[in-house]
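The values are calculated or read from the model by the stated rules, or taken from the named source; none is laboratory data. In this text the structure is predicted, and so the values were computed from the model without any measurement. Backbone-built Cβ (ideal geometry, glycine too); neighbour counts: all protein chains shown. Surface accessibility is based on the protein's heavy atoms, side chains included, excluding ligands, DNA and RNA. Shrake-Rupley method; radii C 1.70, N 1.55, O 1.52, S 1.80 Å.
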Amino acid sequence: MLSDVMEDYLKAIYELEQELGPPVGTSAIASHLDVTSPTVTSMMEKLEERGLVAREKYKGVELTSEGQTVAVEILRHHRLLESFLVEHLDYE
């Protein structure tokens, strides 16, 4: 089971890979999530241990195939929730 924070990181990496291409640097992730670079480094170690990112020191990270699958699923769930809020609860 992934924490909400881990999911946020995977989603951010996925979005940055789509925008900038892999590998994604620590500073780009930190800026995207408004956290410090050491915080990102710590989380990347955890995600690497779970096999969700491949990390190369001083180059950045990229999602593994498993990480990409999880990230796409997270995005899908977020979009479903957004659709529900807009369609049924009149959020903009």
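Some observations on this one:
- Within segment 16-53, being small (Gly, Ala, Ser) and over 17 Å from ILE74 (Cα atoms) holds for GLY21, GLY25, SER27, ALA28, ALA30, SER31, SER37, SER42.
- Annotation for segment 45-68: at least one member residue is touching a residue at least 40 places away in the same chain (Cβ under 8 Å), small (Gly, Ala, Ser) and not in a strand (DSSP E or B).
- The set of residues from segment 78-92 being touching a helix residue (DSSP H, G or I) at 6+ places or on another chain (Cβ under 9 Å) and part of a helix (DSSP H, G or I) comprises just one member, HIS78.
- Restricting attention to segment 1-45, the residues that are open to solvent by less than 70 Å² (accessible area, probe 1.4 Å) and either on the phi > 0 side of the Ramachandran plot or out of contact with any Gly (no Cβ under 7 Å at 6 or more places or on another chain) (or both) add up to 25.
- Scanning segment 46-67 for residues that are of a type outside the set (Asp, Glu) and open to solvent by 80 Å² or more (accessible area, probe 1.4 Å) yields a count of 7.
- Check on SER37, of a type in the set (Gly, Ala, Ser), modelled with pLDDT under 95 and more than 17 Å from VAL24 (Cβ to Cβ): no
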